[in-house]
Amino acid sequence: MTEPASTDDPGVQWMLAFQAGDEDAFESIVAEYESLVFGILRRLLGPSGWVEEMAQETFVRLYRARDRYSPAGKLSTFLYRIAYNLALNRIRDEKRRPAGSLQMGPEGEEMVVSDTVERTAPEADAEHADWATLVEQGLAELPENQRAALVFQHYDGLDLTEIGEVLGISPKAAKSLLHRARENLRAYLQPYKDAEQD
């Protein structure tokens with residue numbers, strides 16, 4: 001169920017003004033929501049060079065949606081949906097890339113250079129990494145929809161209805177998704193917790 005449009009939401013007001021021809025209203029949207037969009041993408045994509053490009057594309061898509069935009073909730077929810085879809089497409093594109101790329105060696109021979117990072121034992125990582133880094137690594141290992149649900153709730157404070165709207169699922173399905181995400185993240189972090197206690 002879509003949340004009702006809020007005329008109190010400044011983003012909706014700016015978007016409606018933009019639809020009516022006020023170009024400055026779009027500048028207000030960018031100024032207000034730029035850090036939110038960057039934050040979403042940073043947490044979904046991790047340390048990626050794509051964050052800035054995807055953030056720009058989020059606003060380009062919002063700009064192009066000018067004529068067909070219909071207020072059906074907060075503008076931030078609309079932006080979350082755009083940013084999430086862009087991040088999801090980028091993640092899927094990266095997964096389709098081969099694990100290594102061919103480069104020429106000094107003798108002209110083909111060499112496979114791996115793009116993957118070698119994992120060390122949890123005991124070694126627990127000694128050198130802080131928990132924030134380990135949680136980030138754990139999030140990166142989750143399926144995209146689980147990662148997004150956790151990010152949206154924990155970092156962005158979205159409720160189940162809002163998470164459902166962004167992901168295109170019911171609030172009940174969002175709750176189930178969050179439960180699975182927490183269980184998977186807990187399982188990822190457990191060896192590091194155990195290693196830290198030894």
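The values are calculated or read from the model by the stated rules, or taken from the named source; none is laboratory data. What you are looking at is a predicted structure, and each value in this text was computed from that prediction instead of being measured. Neighbour counts run over all protein chains shown; Cβ positions are idealised from the backbone, glycine included.
For E118, the criteria (1) at pLDDT 50 or above; (2) exposed (fewer than 14 other Cβ atoms within 10 Å of the Cβ) hold in every case but one, which is (1).
Quick grid of which residues meet (1) small (G, A, S); (2) in a helix (DSSP H, G or I); (3) more than 14 Å from the chain's Cα centre (by Cα):
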{"position": "R42", "(1), (2), (3)": "no, yes, no"}
{"position": "M54", "(1), (2), (3)": "no, yes, no"}
{"position": "T58", "(1), (2), (3)": "no, yes, no"}
{"position": "L62", "(1), (2), (3)": "no, yes, yes"}
{"position": "D67", "(1), (2), (3)": "no, no, yes"}
{"position": "P71", "(1), (2), (3)": "no, no, yes"}
{"position": "L79", "(1), (2), (3)": "no, yes, no"}
{"position": "I82", "(1), (2), (3)": "no, yes, no"}
{"position": "L86", "(1), (2), (3)": "no, yes, no"}
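Among the residues making up the range 161-198, those that are over 15 Å from Y84 (Cβ atoms), charged (D, E, K, R) and part of a helix (DSSP H, G or I) are K172, K175, R180, R182, E183, R186, K193, D194, E196. Scanning the range 35-56 for residues that are surrounded by fewer than 17 Cβ atoms within 10 Å (Cβ to Cβ) and either out of contact with any Asp or Glu (no Cβ under 9 Å at 6 or more places or on another chain) or more than 26 Å from Q146 (Cβ to Cβ) (or both) yields S35, G49, E52, E53, Q56.
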